[in-house]
Amino acid sequence: MIEIKNGKVELSKKLKNTPVSRQQAPQVFDMNASIYIWSRDFLIKEDDLFSGKLRFYEMPEDRSIDIDSPLDWEIVKMLMEKKSND
């Protein structure tokens, strides 16, 4: 998970106080492995992929569905069929 702090992209850290509701938790983003771009030189020189200039692209929810199980696949098939019938 990543979050934006002071205009910078950072890995999320464990919170000192555990939120008791989603509304109390900080906004975070899950890395979905769709797009990663680093220069070869950066990968050779740096030990930390989250150093330097970072940007992120927030994927539209309907284009960012994780398929991790047969049930996930069935849900995606159902959504695709519904979309093609609309």
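The numbers here are math on the coordinates, done by the rules we state, and not lab data. Predicted, not measured: the structure shown is a model, and the values here were computed from it. Note that each Cβ is placed from the backbone with ideal geometry, even for glycine, and that neighbours are counted across all protein chains shown.
Here are some notes:
- Gained length - ARG22 relative to ASP48, 0.36 nm times residue gap less alpha-carbon distance: 6.4 nm
- Rounded tilt (10° steps) of 70-85 against the dominant C-alpha axis of the chain: 60 degrees
- Spacing of the modelled spin labels on LYS83 and ARG55, each 7 Å from Cα toward Cβ, amounts to 2.5 nm.
- For the pair region 40-57 / region 2-18, the C-alpha centres are spaced 18 Å from each other.
- Restricting region 32-86 to trypsin sites (Lys or Arg not before Pro) that sit in a DSSP loop and have at most 14 other Cβ atoms within 10 Å of their own Cβ leaves LYS53, ARG55.
- Across all directions, the average projected area of the convex hull around the alpha carbons of the chain is 9.1 nm².
- Rounded to the nearest 500, the 222 nm mean residue ellipticity of the chain from helices alone is -7500 deg cm²/dmol, with -39,500 (n - 2.57) taken per DSSP H run of at least 4 residues.
- Residues of the chain were split at every exposed loop site, defined as GluC sites (Glu not before Pro) in a DSSP loop with at most 13 other C-beta atoms within 10 angstrom, and the longest piece left, sites excluded, is 1-45.
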